[in-house]
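Undergrad: Dropping the structure in here first, questions after.
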Amino acid sequence: MVIGEEPTEAPERVFTSAGWLSLEREYVPRVVAGEHLHAHPEAKAALAIAARTYVLRAMRDRPALGRTTAIPSGEQFQVFARYSGEGCAEAAMRTRGIVLRYQGQMILANHVAGAYWKPDGSHGPDPTNTERWVTYNAGRRGRDVIPTRLSLRSHPGNRGCMGQHCAHWLAMQGYDYVTILRFFYGEDIEFHELSSGENTGLGQVLFGVLALAVFGIAMRR
């Protein structure tokens, strides 16, 4: 992959500190579990898209990452759990292949825990001290979108940062994952679906061999 070139297809697997993992069936669900296991389903779906965008944008800019250099698990990147929890795989499959773009380029898709939100919509405790990175971009477009201080503010991919606890609160108020993501990254965020790599390459070869074998058996009968 050329550095800076936008992918058209999601990789089938990614190389991580836990070994090779399926992007959609293992890695993304495990990030959702590691980052916010008990979130509302719509918040989990929003997080799945942000997590997928985050890792694929990083892999786009650092071609060795996820291929020969292991994707780390931790607060400096994004946390993935040993196993995916309830609803996490469903969130990944429901949003399969979807990444966030702005003007045709994947955004950085930063996301942090942020402060808890109280039932009345006011801020609660911020035990991770990450609320300072969260951006609120509902209704904002273009240059009006507030970038997060978590990344270089002048970076063209910096379209803000999602607060996971706020996303959960929004979902509890009836927001769907599209509205949740626009709340943090701006109204002009683009939802782009990459094609899947799981039915190409070796998978297609094995399927072809199996099909020929079955056909041969049928012909001999």
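The values are calculated or read from the model by the stated rules, or taken from the named source; none is laboratory data. As the structure is a prediction and not an experimental result, all values here were calculated from the model. Backbone-built Cβ (ideal geometry, glycine too); neighbour counts: all protein chains shown. The protein model used for the area step is the full one, side chains on, heavy atoms only, and it has no ligands, DNA or RNA in it. Shrake-Rupley method; radii C 1.70, N 1.55, O 1.52, S 1.80 Å.
Undergrad: Quick one: net charge around Ala115, please, counting Lys, Arg +1 and Asp, Glu -1 for every other residue with C-beta under 9 Å from its C-beta.
TA: Values: positive: none; negative: Asp126, Glu131.
That works out to -2.
Undergrad: While we're looking at this one, here's another question. What does the net charge come to around Gln173 if you take all other residues with beta carbon closer than 12 Å to its beta carbon, with K and R at +1 and D and E at -1? Don't jump to the answer; show the numbers that get you there.
TA: On the way: positive: none; negative: Glu42, Asp120, Asp176.
Surrounding charge for Gln173 is -3.
Undergrad: Beta carbons within 10 angstrom, averaged per residue: use that to sort the peptides 142-155, 96-109, 59-72, highest first. Walk me through the numbers on the way to the answer.
TA: Values: 142-155: 14.1, 96-109: 20.1, 59-72: 15.6.
By packing density, highest mean first, the sequence is 96-109, 59-72, 142-155.
Undergrad: Using Cα-Cα distances under 8 Å and only pairs 6 or more residues apart, what relative contact order does the chain have, in percent? List each step's numbers first, then the result.
TA: On the way: 405 pairs, mean separation 53.8, N = 221.
That works out to 24 percent.
Undergrad: Still on this structure: Would you look at the GNM of the chain, springs on alpha carbons closer than 10 Å, and say which of Gly121, Gly157, Gly87 moves the most?
TA: Gly121
Undergrad: Report, to the nearest whole %, how much of the accessible area of the chain belongs to carbon and sulfur atoms, 1.4 Å probe, protein only.
TA: Details: 6240 of 11430 Å².
For the chain, the apolar C and S fraction of the accessible surface comes to 55 percent.
Undergrad: Over all pairs of distinct alpha carbons, what does the Kirkwood formula give as the hydrodynamic radius of region 1-89, in Å? Can you show the working numbers first?
TA: Numbers: mean 1/r = 0.0769 Å⁻¹.
With all distinct Cα pairs of region 1-89 included, I get 13.0 Å.
Undergrad: Roughly how many nanometres apart are two label points built 7 Å out from the Cα toward the Cβ at Tyr83 and Glu6?
TA: For Tyr83 paired with Glu6, the spin-label model returns 3.9 nm.
Undergrad: Compute the signed sum of charges (Lys and Arg +1, Asp and Glu -1) over the other residues within less than 14 Å, Cβ to Cβ, of Asn129.
TA: On the way: positive: Arg132, Arg149; negative: Glu75, Asp126, Glu131.
Local net charge: -1.
Undergrad: On the Cα set of region 124-202, report Rg and Dmax in Å, please.
TA: 15.1, 50
Undergrad: List the residues of region 72-109 whose backbone N lies under 16 Å from a point placed 7 Å from the Cα of Arg141 along the Cα-to-Cβ direction.
TA: 102-104
Undergrad: Find the percent of Cα-Cα distances in the chain that exceed 30 Å, and round it to a whole number. The partial results should precede the final answer.
TA: On the way: 5932 of 24310 pairs.
The calculated P(r) of the chain puts 24 percent of pairs beyond 30 Å.
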